[in-house]
Every structure is written in C-alpha cells, then in structure tokens.
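The values are calculated or read from the model by the stated rules, or taken from the named source; none is laboratory data. As the structure is a prediction and not an experimental result, all values here were calculated from the model. Every residue, glycine as well, gets a Cβ built from its backbone with ideal geometry; the counts of neighbours run over all protein chains shown. Quick note on the areas: whole protein, heavy atoms, side chains included, nothing else; ligands and nucleic acids left out. Shrake-Rupley method; radii C 1.70, N 1.55, O 1.52, S 1.80 Å.
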Amino acid sequence: MAEQPFMTDIQVLRARARQHIEQGAVTPGYRADRDTVIRLLQEALATEIICVLRYKRHYFMASGINAQSVAQEFLQHATEEQMHADQIAQRIVQLGGAPNFSPEGLSTRSHSEYIEGESLTDMIKEDLVAERIAIDSYREMIQYFGNDDPTTRRLMETILAVEEEHAEDLVTLLEKIGS
C-alpha cells in the first residue's frame, strides 16, 4: 500500500489559493454545507440576541433584598451574550453570509424564548432554562460541524463553555436566594 503524503504539494496549495479568492476564508478544502452552517449560525445569533434582551430586562427589573448582586450577574451575562452574538455574526460574514439582525422573526429564529419572569426567582429560572436550551442546541451544532468546519466548531465550543458557566452561576444564585 502506497504511503499517502501528509500534506498537499505546496504548489497545488498555492494554485488553489489563487482560485475563487473572492470567497475569502472558504477554500476548496471547506467540506461543510455552507448554507446549513450559515442557517444554524443565524439561529444561534438570534438565540444570543434574545438572551441579551432578556438579561438586560432582568438587570433593570431586578428588585428585592438580593437584587443588587443578582442584577450585576444579569448584566455580566448580557455582556457576554452580546460578545457571542458578535463572534457568530463575524463567522457568518467569513462564510460569505450576512448576519440577520432583523427584529422581524427574531423570536422564531431563536432557540430560546423571551420570557420576562415576575419575581427575581422567576427571572433566574427563565434565564437558566434559556441557558440549558442553548447548551443542548449548541452541543448538537458542534456535533454537526465536526471536522467539516473545525473553525465554526471551535467557536461554538468556546461559546458553549461560557453558556455552561452561566447555567452554573444561575443555579448558584437560586441556591443563595433560597429557591
């Protein structure tokens, strides 16, 4: 059995790089279905935007004896979710798409829901439910991307790790306020 070279010949790589340069980062070696990847990223983007909006509302509406520390946690999570949205939007652009920031249909594109919650405990629980939804849906996306789109997979793995931290933070908050 003939040994297969580890890398493509450098001259072949150079020639391929000059073809379709308008596609930027998407080279002939990209193996994922770009339309599907962009669709999934659009859904993740909508999920992050909904989370930002919900966390911001909770930040401003938090009241009660534990409100100040909980509100600060909501604000930190909102900031981190906004960073995720920006990273996802940038990846969509790198793949030749246009990030969908339109408010029309935002809630239907999002995996998580925008549920306000009445009490501080309700707010924390709704945020925790949303984080758990993001965790499961992002985990499935990561499996789909696999080795066909390792850059998008790594991006979503990084975001997933933060979403898991958020879920743990929220569970801790529920324990602290006695719910």
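List of remarks:
- Close pairs from the stretch 163-179: first in contact (Cβ under 8 Å) with a residue 40 or more places away in the chain and open to solvent by 60 Å² or more (accessible area, probe 1.4 Å), partner charged (D, E, K, R) and not in a helix (DSSP H, G or I), Cβ under 6 Å, at least 6 apart: none
- Being among the small types (Gly, Ala, Ser) and closer than 28 Å to Met156 by Cα is a property that Ala25 has.
- Condition met for Ile92 (out of contact with any Ser or Thr (no Cβ under 6 Å at 6 or more places or on another chain) and either part of a helix (DSSP H, G or I) or surrounded by 19 or more Cβ atoms within 10 Å (Cβ to Cβ) (or both)): yes
- Residue within the stretch 133-152 that is over 29 Å from Gln23 (Cα atoms), of a type outside the set (Gly, Ala, Ser) and loosely packed, with under 14 Cβ neighbours inside 10 Å present: yes
- Any hit, the stretch 40-57, residues being open to solvent by 10 Å² or more (accessible area, probe 1.4 Å), in a loop (DSSP other than H, G, I, E, B) and either in contact with a helix residue (DSSP H, G or I) (Cβ under 6 Å, 6 or more places away or on another chain) or over 22 Å from Thr108 (Cβ atoms) (or both): no
- Unique match (being in contact (Cβ under 8 Å) with a residue 12 or more places away in the chain, more than 17 Å from Glu157 (Cβ to Cβ) and part of a helix (DSSP H, G or I)) among Ala71, Ala134: Ala71
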